[in-house]
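One structure is given here, and the rest of the page talks about it.
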Amino acid sequence: MNLRMVISKMGPIRAIVPVLVVIGIIIIAISYHSPSFSDSRSSVVTSTSAASNSANLLSATHQEALAKHAYNASLGFGEIVYISMPERTDRQDAMNLLGSAFGLKLKLIPGVRGSEIPPKAIPDGAPSDMRESVLGCWRAHANAWRYLLESEMDTLLIFEDDLDWNPNVKKTLETLSLQMQNSKIRLTEPSNYERERAPYGLDWDVLYVGTWRHGGNPELKEFVQIWDDPDVPEKEELVKSTKLLDALYDFGLTDDEIGKKRVLAPAYLTMSTTAYAITRKGAQRLLYTLSYVGLRGDVDQEIMRLFKEGQLRGYTLSPPAFSQFKVGGSKDSDNEERGKTLDGHGNVNGHNINIKGSAREWMVNSLKMDNWADYRQLSKGTINDRDEAMS
Ligand SMILES: *[C@@H]1O[C@H](CO)[C@@H](O)[C@H](O)[C@H]1NC(C)=O
């Protein structure tokens, strides 16, 4: 029995049935496209136009378009700044090269000499033996936090000048954005503002995308988000001293999953200020806790203390997307004055930590050429063509 026969048997209501069928299909299509949490939002949404707007904000099309901002010149953040001591022009040259190779706009925030900070400007409680380099490092980061607050931006990505990343970092961050837009480890539902324009949400103070130490709060292990990512390093490539492998087991990954998956967890154990993003609220909290209130030690250890004490809210990406780039010798640090000699391995022989591939290596390869070999190739081609034409 076909549909037409069914309808004709139904008599007078048959004219309405196709209309009902169409309405039904539309309803099914709409509910199929909106994630299940749309219900809890309906109490907030009042007018019909707002309702259809927020339905758009929840659509896969919108989320994917927002995640594509990870491919822009600031990787989907408001801007990217990098901190570098004014005299380290070698590192600034490298950052410039890397930025141009990857289409990134990197703004220099000059590093600060600790000796230039007068005693009155040092935060309360700073130990009297605090090294000048530690003070200077703190000041440069505090200047970056201020830079965000003085701008109109929502977020700022802060780099140091000895950076490397995985060559597919934009894809990594696009995936991170999709994960964060559909986060299962948020404390609150995203606002319409976040859904509309924040690729990574705004429910955090600090987003650690380049930490050196990893590990979640041992009491709250269930708050992890795990996804497939082809751009994480193999298990064998993880650097032992960083304890990343232990952390990945702790986050619940199995041996088979390590080397295939990335984890996002509320930030707890972190180390190094190599690459992290902040929101406006984050910049405020950092300036408040680590300037207004006081400073006890190195800024990266202070940030970890704040995470552990619960005074700062953030997420950590493990394995990281960014890492320090080590060249060996005294060039690796502007913070220690430990009589190391200048001779390291050199830029082209440097290495990163817990990253798959290397942006620096990619950049080096993209600029390599043998000009005359190219000419010879062309000239051979021409000769062959001519020979063929003559025969
Ligand atoms: C990149 O995307 C972010 C998020 O939408 C935006 O705030 C930023 O202005 C964009 N950057 C550039 C250079 O267009």
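Since every read-out is calculated from the coordinates, none of them should be taken as a lab result. Keep in mind that this is a model prediction, so the values were computed, not measured. Ideal geometry is used to build each Cβ from the backbone, glycine not excepted, and the neighbour counts take in all protein chains shown.
List the aspartates and glutamates whose alpha-carbon lies under 15 Å from that of residue 184, not counting same-chain residues fewer than 8 positions away?
Within the straight-line limit of under 15 Å, residue 184 reaches these aspartates and glutamates: 203, 222.
Determine the sum of side-chain charges near residue 100: Lys and Arg each +1, Asp and Glu each -1, restricted to other residues whose C-beta is under 14 angstrom from that of residue 100.
+2
Per the Cauchy relation, a quarter of the hull surface: what is the mean projected area of the convex hull of the alpha carbons in region 292-371, in nm²?
Averaging across all directions leaves 8.6 nm² for the Cα convex hull.
Give me the tail of P(r) for region 250-295 as a percent: Cα-Cα pairs with distance above 16 Å.
Counting every Cα pair in region 250-295, those more than 16 Å apart make up 61 percent.
Among residues other than residue 260 whose Cβ falls under 12 Å from its Cβ, what is the net charge (Lys/Arg +1, Asp/Glu -1)?
Value of the local net charge: -3.
Sequence neighbours fewer than 8 away in the same chain don't count; with that in mind, list the lysines whose C-alpha is under 28 Å from residue 380.
Result set, ordered by chain and number: 368.
List the pairs from 68/221; 68/261; 107/281; 107/221 whose alpha-carbon separation is above 28 Å, in the order I gave them.
Over 28 Å Cα-Cα: 68/221; 107/221.
Please compute one quarter of the surface area of the Cα convex hull for region 66-363 and express it in square nanometres.
For region 66-363, the mean projected area of the Cα convex hull comes to 14.9 nm².
Write down Rg/Rh for region 109-231, rounded to two decimals, with Rg from the C-alpha atoms and Rh from the Kirkwood relation over Cα pairs.
We get a ratio of 1.02 for region 109-231.
Net charge around residue 185, counting only other residues with Cβ within less than 11 Å of its Cβ (Lys, Arg = +1; Asp, Glu = -1)?
With Lys, Arg at +1 and Asp, Glu at -1, the net is 0.
Order these peptides, 122-131, 214-223, 69-78, by their mean beta-carbon neighbour count within 10 angstrom, highest first.
Ranked from most to least packed, the peptides come out as 69-78, 214-223, 122-131.
DSSP beta bridges in region 66-363, what fraction antiparallel, as a percent rounded to 5?
Here the antiparallel bridges make up roughly 60 percent for region 66-363.
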